[in-house]
Amino acid sequence: MRQHPRTEDSRDPAERLAALGFAAYVDTLRACRLCPGVVPPPVVGAVPQARVVLIGQAPGPREREQGRPFAYTAGTTLFRWFAALGVDEESFRARVHMGAAIRCFPGKLPNRTGDRRPAREEIETCSRHWRAELRLLRPALVLLVGRLAIDLLVRHARLDEVVGRQFAIEREGQRFDAVPLPHPSGLSRWVQSERGRRLLGQALGRLAAHPAWRETFPEAAGPGAAAR
Ligand code: SF4
(Lines give C-alpha, C1' and ligand atoms only; values in the text may rest on other atoms or scores of the structure.)
Protein backbone atom coordinates (compact mmCIF):
# COMPACT_ATOMS: atom_id res chain seq x y z
CA MET A 1 0.00 0.00 0.00
CA ARG A 2 1.25 3.48 -0.79
CA GLN A 3 2.28 5.57 2.16
CA HIS A 4 0.16 8.64 2.61
CA PRO A 5 2.30 11.80 2.93
CA ARG A 6 0.50 12.94 6.09
CA THR A 7 1.46 9.74 7.94
CA GLU A 8 5.09 10.89 8.11
CA ASP A 9 5.54 12.14 11.65
CA SER A 10 6.47 15.73 10.87
CA ARG A 11 3.72 16.96 13.17
CA ASP A 12 4.21 19.77 15.65
CA PRO A 13 3.44 19.05 19.35
CA ALA A 14 -0.06 20.51 19.05
CA GLU A 15 -0.89 18.08 16.24
CA ARG A 16 0.44 15.12 18.23
CA LEU A 17 -1.69 16.20 21.17
CA ALA A 18 -4.73 16.39 18.93
CA ALA A 19 -3.96 12.86 17.70
CA LEU A 20 -3.90 11.59 21.30
CA GLY A 21 -7.25 13.30 21.86
CA PHE A 22 -8.63 11.55 18.79
CA ALA A 23 -7.52 8.12 20.00
CA ALA A 24 -9.21 8.69 23.35
CA TYR A 25 -12.33 9.87 21.55
CA VAL A 26 -12.44 6.70 19.40
CA ASP A 27 -12.35 4.58 22.57
CA THR A 28 -15.33 6.58 23.85
CA LEU A 29 -17.18 6.07 20.58
CA ARG A 30 -16.60 2.29 20.59
CA ALA A 31 -17.98 2.08 24.14
CA CYS A 32 -21.07 4.24 23.44
CA ARG A 33 -24.40 2.60 24.34
CA LEU A 34 -26.59 5.68 24.71
CA CYS A 35 -29.47 4.58 22.45
CA PRO A 36 -31.56 1.65 23.74
CA GLY A 37 -33.31 1.06 20.38
CA VAL A 38 -30.25 0.44 18.17
CA VAL A 39 -28.06 -2.65 17.71
CA PRO A 40 -24.53 -1.96 18.97
CA PRO A 41 -21.58 -1.86 18.69
CA PRO A 42 -20.93 1.41 16.84
CA VAL A 43 -19.26 1.02 13.45
CA VAL A 44 -15.99 2.92 13.35
CA GLY A 45 -13.87 3.96 10.34
CA ALA A 46 -11.38 6.11 12.22
CA VAL A 47 -8.44 7.78 10.48
CA PRO A 48 -6.48 10.21 12.67
CA GLN A 49 -5.37 13.45 10.98
CA ALA A 50 -7.65 12.94 7.99
CA ARG A 51 -8.13 16.11 5.94
CA VAL A 52 -11.15 14.55 4.26
CA VAL A 53 -14.10 13.22 6.26
CA LEU A 54 -17.07 11.24 4.96
CA ILE A 55 -20.38 11.32 6.84
CA GLY A 56 -22.79 8.58 5.80
CA GLN A 57 -26.30 7.72 6.99
CA ALA A 58 -26.32 4.62 9.22
CA PRO A 59 -24.63 1.22 9.10
CA GLY A 60 -26.53 -1.85 7.95
CA PRO A 61 -26.25 -5.34 9.44
CA ARG A 62 -23.26 -6.29 7.26
CA GLU A 63 -21.36 -3.20 8.34
CA ARG A 64 -22.09 -4.10 11.97
CA GLU A 65 -20.88 -7.70 11.44
CA GLN A 66 -17.69 -6.61 9.71
CA GLY A 67 -17.10 -3.56 11.89
CA ARG A 68 -16.46 -1.17 9.05
CA PRO A 69 -18.54 1.37 7.10
CA PHE A 70 -19.83 0.67 3.58
CA ALA A 71 -18.84 -2.98 3.76
CA TYR A 72 -21.58 -4.35 1.47
CA THR A 73 -23.37 -3.53 -1.79
CA ALA A 74 -23.75 0.23 -1.27
CA GLY A 75 -20.03 0.30 -0.55
CA THR A 76 -19.29 -1.51 -3.80
CA THR A 77 -21.07 1.26 -5.71
CA LEU A 78 -19.53 4.05 -3.60
CA PHE A 79 -16.00 2.78 -4.14
CA ARG A 80 -16.68 2.36 -7.86
CA TRP A 81 -17.48 6.09 -7.96
CA PHE A 82 -14.16 6.90 -6.27
CA ALA A 83 -12.31 4.43 -8.50
CA ALA A 84 -13.44 6.61 -11.45
CA LEU A 85 -11.32 9.34 -9.82
CA GLY A 86 -8.31 7.03 -9.54
CA VAL A 87 -8.84 6.26 -5.82
CA ASP A 88 -9.08 2.61 -4.78
CA GLU A 89 -11.03 1.36 -1.76
CA GLU A 90 -7.97 0.50 0.30
CA SER A 91 -6.47 3.97 -0.13
CA PHE A 92 -9.80 5.62 0.64
CA ARG A 93 -10.30 3.64 3.86
CA ALA A 94 -6.72 4.35 4.93
CA ARG A 95 -6.87 8.11 4.37
CA VAL A 96 -10.48 9.28 4.80
CA HIS A 97 -12.21 9.27 8.16
CA MET A 98 -15.64 7.68 7.79
CA GLY A 99 -18.39 8.72 10.18
CA ALA A 100 -22.19 8.65 9.95
CA ALA A 101 -25.36 10.36 11.11
CA ILE A 102 -25.75 7.45 13.51
CA ARG A 103 -23.03 4.91 14.20
CA CYS A 104 -25.05 1.85 15.26
CA PHE A 105 -27.27 -0.36 13.09
CA PRO A 106 -30.84 0.90 13.69
CA GLY A 107 -32.31 -2.61 13.35
CA LYS A 108 -34.82 -4.16 10.98
CA LEU A 109 -38.34 -2.89 10.37
CA PRO A 110 -40.97 -4.94 12.25
CA ASN A 111 -42.04 -6.64 8.98
CA ARG A 112 -38.35 -7.38 8.12
CA THR A 113 -38.68 -5.71 4.70
CA GLY A 114 -35.77 -3.38 5.31
CA ASP A 115 -33.75 -1.46 7.86
CA ARG A 116 -35.46 0.90 10.29
CA ARG A 117 -34.96 4.60 9.67
CA PRO A 118 -33.22 6.07 12.72
CA ALA A 119 -35.42 8.16 15.00
CA ARG A 120 -34.89 11.91 15.25
CA GLU A 121 -33.75 11.54 18.89
CA GLU A 122 -31.17 8.90 17.91
CA ILE A 123 -29.75 11.16 15.21
CA GLU A 124 -29.62 14.01 17.71
CA THR A 125 -27.95 11.84 20.37
CA CYS A 126 -25.36 10.50 17.93
CA SER A 127 -24.55 13.95 16.60
CA ARG A 128 -22.09 14.27 19.49
CA HIS A 129 -19.81 11.92 17.57
CA TRP A 130 -19.63 13.60 14.18
CA ARG A 131 -19.47 16.98 15.89
CA ALA A 132 -16.51 15.80 18.01
CA GLU A 133 -14.85 14.47 14.87
CA LEU A 134 -15.12 17.86 13.17
CA ARG A 135 -13.51 19.52 16.19
CA LEU A 136 -10.73 16.95 16.54
CA LEU A 137 -9.88 16.40 12.88
CA ARG A 138 -10.53 19.92 11.56
CA PRO A 139 -11.16 18.59 8.02
CA ALA A 140 -10.96 20.80 4.96
CA LEU A 141 -13.47 18.70 2.99
CA VAL A 142 -16.53 16.77 4.17
CA LEU A 143 -18.42 14.34 1.92
CA LEU A 144 -22.09 13.99 2.88
CA VAL A 145 -23.44 10.69 1.55
CA GLY A 146 -27.23 10.33 1.47
CA ARG A 147 -30.12 12.53 2.59
CA LEU A 148 -29.73 11.88 6.31
CA ALA A 149 -26.10 12.98 6.18
CA ILE A 150 -26.78 15.96 3.90
CA ASP A 151 -29.54 17.11 6.29
CA LEU A 152 -26.98 17.42 9.08
CA LEU A 153 -25.16 20.30 7.43
CA VAL A 154 -27.00 21.52 4.31
CA ARG A 155 -30.65 22.55 4.11
CA HIS A 156 -32.40 21.07 1.09
CA ALA A 157 -35.73 19.81 -0.15
CA ARG A 158 -34.52 17.68 -3.05
CA LEU A 159 -31.23 16.03 -3.98
CA ASP A 160 -31.29 17.94 -7.29
CA GLU A 161 -30.82 21.16 -5.34
CA VAL A 162 -27.56 20.14 -3.68
CA VAL A 163 -25.80 17.29 -5.50
CA GLY A 164 -23.21 18.75 -7.87
CA ARG A 165 -22.65 21.79 -5.66
CA GLN A 166 -20.08 22.62 -2.99
CA PHE A 167 -21.01 24.41 0.25
CA ALA A 168 -18.83 26.52 2.55
CA ILE A 169 -19.82 25.40 6.06
CA GLU A 170 -18.97 26.74 9.49
CA ARG A 171 -19.71 24.27 12.31
CA GLU A 172 -18.13 23.35 15.61
CA GLY A 173 -15.75 26.28 15.26
CA GLN A 174 -14.40 24.89 11.97
CA ARG A 175 -14.68 26.06 8.39
CA PHE A 176 -14.70 23.47 5.64
CA ASP A 177 -16.25 22.65 2.28
CA ALA A 178 -19.05 20.11 2.07
CA VAL A 179 -19.86 18.12 -1.07
CA PRO A 180 -23.18 16.20 -1.00
CA LEU A 181 -23.43 12.84 -2.75
CA PRO A 182 -26.52 10.66 -3.23
CA HIS A 183 -26.70 7.42 -1.28
CA PRO A 184 -25.17 4.67 -3.44
CA SER A 185 -27.84 2.13 -2.53
CA GLY A 186 -29.12 0.08 -5.45
CA LEU A 187 -32.61 1.05 -4.28
CA SER A 188 -32.05 4.68 -5.20
CA ARG A 189 -33.85 5.48 -8.45
CA TRP A 190 -32.57 9.03 -8.32
CA VAL A 191 -28.96 7.98 -8.78
CA GLN A 192 -29.90 5.82 -11.76
CA SER A 193 -31.76 8.62 -13.57
CA GLU A 194 -30.04 10.57 -16.32
CA ARG A 195 -30.18 13.77 -14.26
CA GLY A 196 -28.93 11.93 -11.18
CA ARG A 197 -25.94 10.50 -13.06
CA ARG A 198 -25.09 13.92 -14.49
CA LEU A 199 -25.24 15.63 -11.08
CA LEU A 200 -23.24 12.80 -9.52
CA GLY A 201 -20.57 13.33 -12.18
CA GLN A 202 -20.47 17.03 -11.27
CA ALA A 203 -20.15 16.18 -7.57
CA LEU A 204 -17.27 13.77 -8.22
CA GLY A 205 -15.62 16.42 -10.39
CA ARG A 206 -15.77 18.79 -7.42
CA LEU A 207 -14.06 16.20 -5.25
CA ALA A 208 -11.31 15.63 -7.79
CA ALA A 209 -10.67 19.38 -8.03
CA HIS A 210 -10.67 20.08 -4.29
CA PRO A 211 -7.23 20.85 -2.78
CA ALA A 212 -7.82 18.58 0.23
CA TRP A 213 -8.77 15.66 -2.03
CA ARG A 214 -5.71 16.26 -4.20
CA GLU A 215 -3.51 16.48 -1.12
CA THR A 216 -5.01 13.24 0.23
CA PHE A 217 -4.76 11.37 -3.08
CA PRO A 218 -1.81 12.95 -4.93
CA GLU A 219 -1.50 9.91 -7.21
CA ALA A 220 -5.15 10.12 -8.37
CA ALA A 221 -6.56 11.45 -11.62
CA GLY A 222 -7.18 15.18 -11.99
CA PRO A 223 -10.47 17.08 -12.04
CA GLY A 224 -11.32 15.80 -15.50
CA ALA A 225 -12.24 12.40 -14.05
CA ALA A 226 -15.95 11.62 -14.30
CA ALA A 227 -18.46 9.24 -12.79
CA ARG A 228 -19.30 6.00 -14.55
S1 SF4 B 1 -26.27 5.33 17.72
FE2 SF4 B 1 -24.57 6.70 18.32
S3 SF4 B 1 -25.17 7.67 20.27
FE4 SF4 B 1 -26.51 5.88 19.91
S5 SF4 B 1 -25.49 4.17 21.00
FE6 SF4 B 1 -24.75 4.10 18.86
S7 SF4 B 1 -22.87 5.34 18.86
FE8 SF4 B 1 -23.97 5.84 20.76
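The values are calculated or read from the model by the stated rules, or taken from the named source; none is laboratory data. Not measured: the values here are computed from a predicted model. FYI the Cβ positions are ideal-geometry reconstructions off the backbone, even for glycines, and counts take in every protein chain you see.
Some notes on this structure:
So that you can scan it fast, the table gives a plain yes or no per residue for (1) in a loop (DSSP other than H, G, I, E, B); (2) among the charged types (D, E, K, R):
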residue: 23; (1), (2): no, no
residue: 30; (1), (2): no, yes
residue: 37; (1), (2): yes, no
residue: 58; (1), (2): yes, no
residue: 90; (1), (2): no, yes
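- Pair list, Cβ < 8 Å and 6+ apart or interchain, from the stretch 118-129 residues that are within 9 Å of residue 101 (Cα to Cα) to residues that are basic (Lys, Arg) and near the ligand (Cβ under 7 Å from one of its atoms): 126/103; 129/103
Here is a yes/no grid of residues against (1) modelled with pLDDT of 60 or more; (2) more than 12 Å from the ligand (Cβ to nearest atom); (3) in contact with a Pro (Cβ under 9 Å, 6 or more places away or on another chain):
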| position | (1), (2), (3) |
| --- | --- |
| 7 | no, yes, no |
| 12 | no, yes, no |
| 18 | yes, yes, yes |
| 24 | yes, yes, no |
| 42 | yes, no, yes |
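- Any hit, the stretch 65-74, residues being at pLDDT below 95 and more than 29 Å from residue 120 (Cα to Cα): no
- Test: residue in the stretch 102-122 that is assigned to a helix (DSSP H, G or I), closer than 21 Å to residue 25 by Cβ and within 16 Å of the ligand (Cβ to nearest atom): yes
- Single residue of 181, 200, 136 found to be touching a residue at least 60 places away in the same chain (Cβ under 8 Å), within 19 Å of residue 54 (Cα to Cα), within 13 Å of the chain's Cα centre (by Cα) and surrounded by 15 or more Cβ atoms within 10 Å (Cβ to Cβ): 181
- Qualifying residue in the stretch 181-204 (condition: in a strand (DSSP E or B) and not β-branched (Val, Ile, Thr)): yes
- Restricting the stretch 91-101 to residues that are crowded, with 20+ Cβ neighbours inside 10 Å and within 19 Å of residue 183 (Cα to Cα), the residue that is farthest from the ligand (Cβ to nearest atom): 92
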